Amino acid sequence: MSEAIPLAREAFLALARGQVTMPQRLAIRVPDHQGTHLSMPCYVKTPDREILIVKVVTVFEGNGEFGKPVTLGRLMLHDPTTGEPLALMDAEALTAIRTGAASALATDFLASRGPVGLGIIGAGEQAIAQAKAMFEVRPIERIVIFSRTRARAIAQAVRLQVEQGVEVQVARTAEDVALSCRLICCATNSTTPVLRSEWLQPGTHINAVGAFRTDMAELDAEAVLRARVVVDYLEAARHGAGDLILTPGLDWSTVREIGDVLESGFARTADDITLFKSVGTAVQDAFVADWVFRKVSE
């Protein structure tokens, strides 16, 4: 994670500077099996780097019944000069790491400073990666985790307590998380809001990474309208960030990209509620995959 965060910064700056060719993610629904098939190509050309990748990921929400992860996928890295395939990588691990790194980067710019209680909503691998990422940018005093599957929340709480060395509590409701924490990460596949405006305390920062379709939303509309919103990529958010798309009256002209924040800065007050809404971009995968390949090659 510590190595992925600087790569996320490079990726978002390259995107902001027009050094990336990245068509909209192609999503195909597989409704009979609660599935979505996603294809994400990307070409990067910067003064010191050239990368060509495609990532293919599936999100099948019923996979728990078969003992399989909800998210499965592979990433192929190509030689950008010849098109030759160079490597096939596990996209599940890469996706969790780069998504956590993006949230850490955003948190460092958008959230209040100082020790904080961390709230985690969700208990999948994305949620755990989010938790680990927060330790890279803030002094975390304790963690409060909630999942609709309580047994999984308990198991992940034990894991985080052992790995991170802080107290981890299992909340009975998402409301309990919001009322007790000022830094919250949402990583669920919910189609109905799991975080509501009336629960949010002044000064809260939220990373919402779970909803990636127009019919999905982790925050209710009032929470979105209360927040100062930053996204990973504006065009992608307009097509896939259900939290924002389903918010009537949202002024999209006030929504900023993280690349713009990195270049121009972000001023906040102590009471501001800030939201980093991520739907995931292939440019993040490109920089991480290129780094992995370089390290293996060495």
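The figures follow:
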item	result
Computed FRET value (nearest 0.05) for Thr82 with Ile28, which takes r as the C-beta separation and R₀ as 25 Å	0.30
Proximal lysines relative to Lys132, as straight alpha-carbon distance under 21 Å, when same-chain residues fewer than 8 apart are discounted	Lys277
Rounded to whole Hz, the Karplus (6.51, -1.76, 1.60) HN-Hα couplings of the range 53-64, x for glycine and proline	9, 9, 10, 10, 10, 10, 10, 10, 5, x, 5, x
Partner aspartates and glutamates for Lys45 [C-alpha distance under 16 Å; skip if fewer than 8 residues away on the same chain]	Glu10, Asp79, Asp285, Asp290
Whichever aspartates and glutamates have a C-alpha closer than 12 Å to that of Lys295, once near sequence neighbours (fewer than 8 apart) are set aside	Glu3
For the chain: relative contact order, % (alpha-carbon pairs under 8 angstrom, 6 or more apart)	19 percent
Gyration tensor (alpha-carbon) shape descriptor, the chain, a/c threshold 1.5	rounded
Highest-fluctuation residue, Ala208, Ala155, Ala91 considered, GNM on the chain with Cα pairs under 10 Å	Ala155
Full-extension gain in nm, Trp252 to Ser2, via 0.36 nm per residue minus C-alpha separation	86.8 nm
Contour minus Cα-Cα distance for Glu235 and Arg294 (0.36 nm per residue)	18.2 nm
When the range 35-122 is reduced to its Cα atoms, the Kirkwood hydrodynamic radius in Å	15.7 Å
GNM result for the chain, Cα springs below 10 Å: residue of Thr58, Thr82, Thr254 fluctuating most strongly	Thr82
Cα gyration tensor category, rounded, prolate or oblate, for the range 204-275 with a/c compared to 1.5	oblate
From the C-alpha gyration tensor of the range 37-190, square roots of 5λ in Å	32, 20, 12
Distance from the range 23-67 to the range 79-105 (C-alpha centre basis), Å	11 Å
Within the range 68-142, trypsin sites (Lys or Arg not before Pro) in DSSP loop having at most 13 other beta-carbon neighbours inside 10 Å	Arg113
Among Ala91, Pro47, Thr107 - extreme Cα towards positive end, dipole of the range 16-166, charges at beta-carbon	Thr107
Between 0 and 90°, nearest 10: helix 4-16 axis offset from the chain longest Cα axis	70 degrees
Among Met76, Pro248, Asn189 - extreme Cα towards positive end, dipole of the chain, charges at beta-carbon	Asn189
Distance from the range 179-227 to the range 124-154 (C-alpha centre basis), Å	15 Å
Simple Cβ-charge dipole of the chain, Lys/Arg +1 and Asp/Glu -1, about Cα centre, in debye nearest 20	260 debye
Among Glu235, Glu65, Glu84: highest mean-square fluctuation, GNM of the chain, C-alpha pairs under 10 Å	Glu65
Spacing of the two label points (7 Å from each Cα toward its C-beta) at Asp90 and Arg228, in nm	3.9 nm
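Every number in this text was worked out from the coordinates using simple rules, so none of it is lab data. In this text, all values refer to a predicted model and were calculated from it rather than measured experimentally. A quick note on method: Cβ atoms are made from the backbone with ideal geometry, for glycine too, and the neighbour counts reach across all protein chains shown.
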